[in-house]
Amino acid sequence: MEYHDTTPTTPFLVSAVPRGTAAPFAATVRFATVGNWTARRRQERVHSKPGAVMGLSERSASSLDAIAAHAEHVYSVAEGATPPLGIQGVSSSWQRSAKKHGLDPLDSKAPRILTSAELKHFREPLDKLISSAQEELDELYKVVREAGYAVLLCDSSGVAVAHRGEDALASQFQYWGTWLGGVWSEEVEGTNGIGTCIAEERPVTVHRSQHFRSRHINLSCSGAPVFGVDGRLIAVLDVSAIDPELSERAHALTGALTVRSARAIEERFFREQFRREWIVAVAPPEGGASGMLLAIAGNQRIIGANRVARTSLMLDDRGLQAGTSLWSIFERDIDLFRRQDRSDISARLLIAGSSDSRPALVTPPDHPMTASSTPTNRNLHTRPRLGSIDISRLPPAPQAQGGLSPGAMRRVREYVEVHLGESIDLSMLAGVAGLSVHHFARQFKQTARLTPHVYLTQKRVERAQEMLVQTDLSLAEIAFTVGFFDQGHLARHFRHMFGTTPREFRWSQR
């Protein structure tokens, strides 16, 4: 299948969209091309009649010189020269565009616009995300509309699968490629807000001559990545404008707007995918850019985590499938998950083994059979909250009064993790903490909110749960390995903690 454009250009295959398919870069030939092109254009300016059309649009002498100068800058940077002022942030992309993708900054072809049939292939995998993102796309467009921007939501290959823009400017958007079905991968168009955002998985703002292709030097765009519930990039949100008078400072404001809207799209999509579970939204530390989202099952196991949470808490798919306990990260506060009403719960979560806390908002599951489960209420249930956690409504941060020091608590936790399968008594743990048995028992309970014996039992059950999923050892072998007397001893504590037997749990994971 080929991509089609409104101008007669050489078609390219769908397989051209993925990265790594470009021709090698030949610096000598490229620089010769720039020189020949510059000389040829100068001759054309001398001999052409007033009003003559060159290419797709009329070009002034100054614009021709600007195009030649831009191409020379691109090639020099691609060859390792110090980037001009303002180009440092995209210099790596310029080098990729020239060397890896073999693109020519003097290429004047219009960006590709897919046909409706071709676009359907790219839209269908993102139908749920597109539907989920409607409100955020509309709100962003309301803000940037008066400045002449278009809003694009693109898939991970750079194809625009959703669009907001003035209908009266449709022909202009189509000409510049900022239209539904436009293909903006870095491999095809070089440095741009969408393709470079995909390549580097970070917010990217590209203003005019920061683009790779000379054709785009009047284009300004800001792209922000959208990550899925698995932490992988699934889309890019972009705002673009064609305005040769737009200042870099004015355009820079769109970057923050785009990032904020992209985070809201991520959060709404995450909440919709896990709306039958508890959602814990943890505000970022002071000065942090993004917060954590955790999906929590009824037994307080983490079954979903956004990209920030996966990175911050070192969670991966394997750990989530095994069932990481929320209380291995935060101090136990089971009352948060016993509330019967459907409203959000403001809380402070104390980081396990420390006196630091994080503001959080806990959202109960949206049960489909309740009277409140209407489309309007479901929309309220899934609305983004991370950017608006009201700290003034939170309880005061827990104060460390007595209890074990963070260092002592850390040593005890580490000792238990290493020696879990062995016989551990109170005197051993007290020695690790550097306290008498009496003082250790009292201060440990004050810090962990449970006795050393209960804590040790919970850790053994949690380790057994991991082994039930990750190994084929018999129940008796697992019980012995984690420090229980026998299989029955493990089964009693396992049922008490999780409401099921070890055997039933193992079968549920197969």
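The values are calculated or read from the model by the stated rules, or taken from the named source; none is laboratory data. None of the values given here were measured: they were computed from a predicted structure. Note that we place each Cβ from the backbone using ideal geometry, even for glycine, and neighbour counts take in every protein chain shown. Just the protein is used for accessible areas: all its heavy atoms, side chains included, with ligands, DNA and RNA removed. Shrake-Rupley method; radii C 1.70, N 1.55, O 1.52, S 1.80 Å.
Pairs needed: first member in the stretch 328-339, without any contact (Cβ under 8 Å) to a residue 60 or more places away in the chain and under 23 Å from G403 (Cα atoms); second member anywhere, part of a loop (DSSP other than H, G, I, E, B) and open to solvent by 30 Å² or more (accessible area, probe 1.4 Å); C-beta distance under 9 Å; at least 6 residues apart or different chains.
Matching pairs, first to second residue: D333/R449.
Output the qualifying pairs, or none if there are none: Cβ atoms under 9 angstrom, residues six or more apart or on different chains, first residue in the stretch 225-237 and farther than 8 Å from S156 by Cβ, second residue of a type in the set (D, E) and part of a strand (DSSP E or B).
none
Which ranges mark the helices (runs of 4 or more DSSP H) fully within the stretch 98-197 that have 3 or more residues being in contact with a His (Cβ under 6 Å, 6 or more places away or on another chain) and surrounded by fewer than 23 Cβ atoms within 10 Å (Cβ to Cβ)? Let's see the steps before the verdict.
Details: elements: 116-123, 127-132, 134-144, 170-176, 186-189.
No helices (runs of 4 or more DSSP H) qualify here.
Pairs, please: C-beta under 6 Å, at least 6 apart or cross-chain, first residue without any contact (Cβ under 8 Å) to a residue 40 or more places away in the chain and in the stretch 81-106, second outside any loop (DSSP other than H, G, I, E, B) and open to solvent by less than 30 Å² (accessible area, probe 1.4 Å)?
P83/V77; P83/S91; S91/V77; Q95/A78
Somewhere in the stretch 445-456, is a residue surrounded by 15 or more Cβ atoms within 10 Å (Cβ to Cβ) and closer than 23 Å to G319 by Cα?
The answer is yes; a qualifying residue exists.
Consider the stretch 419-441. How many of its residues are free of Cβ contacts under 8 Å to residues at least 24 places away in the same chain and loosely packed, with under 13 Cβ neighbours inside 10 Å?
Of the residues in the stretch 419-441, 4 are free of Cβ contacts under 8 Å to residues at least 24 places away in the same chain and loosely packed, with under 13 Cβ neighbours inside 10 Å.
What are the residues in the stretch 224-273 that are in a loop (DSSP other than H, G, I, E, B) and of a type in the set (S, T, N, Q), if any?
Residue satisfying the conditions is S247 alone.
Within the stretch 481-495, work out how many residues are within 22 Å of E417 (Cβ to Cβ) and either free of Cβ contacts under 8 Å to residues at least 24 places away in the same chain or of a type in the set (K, R) (or both).
2
The conditions are (1) open to solvent by 40 Å² or more (accessible area, probe 1.4 Å); (2) closer than 25 Å to A352 by Cβ; (3) in a helix (DSSP H, G or I), and Q465 fails exactly one of them. Which is it?
(1)
What number of residues within the stretch 198-243 satisfy the criterion of being open to solvent by 30 Å² or more (accessible area, probe 1.4 Å), farther than 22 Å from R145 by Cβ and not small (G, A, S)?
Counting residues in the stretch 198-243 that are open to solvent by 30 Å² or more (accessible area, probe 1.4 Å), farther than 22 Å from R145 by Cβ and not small (G, A, S) gives 8.
So, R249, is that one within 18 Å of the chain's Cα centre (by Cα), surrounded by fewer than 22 Cβ atoms within 10 Å (Cβ to Cβ) and either among the charged types (D, E, K, R) or more than 30 Å from N218 (Cβ to Cβ) (or both) or not?
So R249 fails the test.
When you scan the stretch 479-502, how many residues do you find that are among the aliphatic types (A, V, I, L, M) and either more than 27 Å from M409 (Cα to Cα) or open to solvent by 30 Å² or more (accessible area, probe 1.4 Å) (or both)?
Matching residues across the stretch 479-502 total 2.
May I ask you to list the residues in the stretch 468-478 that are over 26 Å from A352 (Cβ atoms) and either among the β-branched types (V, I, T) or crowded, with 18+ Cβ neighbours inside 10 Å (or both)?
Across the stretch 468-478, the qualifying residue is only L475.
Restricting attention to the stretch 323-367, report how many residues are touching an Asp or Glu at 6+ places or on another chain (Cβ under 8 Å), surrounded by fewer than 17 Cβ atoms within 10 Å (Cβ to Cβ) and not in a loop (DSSP other than H, G, I, E, B).
Total satisfying the criteria: 3.
Step by step: first the residues of the stretch 279-296, then only those that are open to solvent by 20 Å² or more (accessible area, probe 1.4 Å) and out of contact with any helix residue (DSSP H, G or I) (no Cβ under 6 Å at 6 or more places or on another chain), then the one that is modelled with the highest pLDDT. Which residue is that? So that I can check it myself, show each step before the final result.
Restricting attention to the stretch 279-296, the residues satisfying the condition of being open to solvent by 20 Å² or more (accessible area, probe 1.4 Å) are 284-290, 292.
The next check asks that each one be out of contact with any helix residue (DSSP H, G or I) (no Cβ under 6 Å at 6 or more places or on another chain); those that pass are 284-289.
Values: P284: 80, P285: 73, E286: 65, G287: 54, G288: 60, A289: 64.
The residue in question is P284.
Under 9 Å between Cβ atoms, at least 6 apart or on separate chains: pull out the pairs that start in the stretch 245-259 with a residue that is among the charged types (D, E, K, R) and end on any residue that is surrounded by fewer than 19 Cβ atoms within 10 Å (Cβ to Cβ).
From residues that are among the charged types (D, E, K, R), the pairs are E248/G86.
I want to confirm something. Restricting to the stretch 159-199 and keeping residues that are modelled with pLDDT under 95 and charged (D, E, K, R), which single residue is nearest to L237 (Cα to Cα)?
E166
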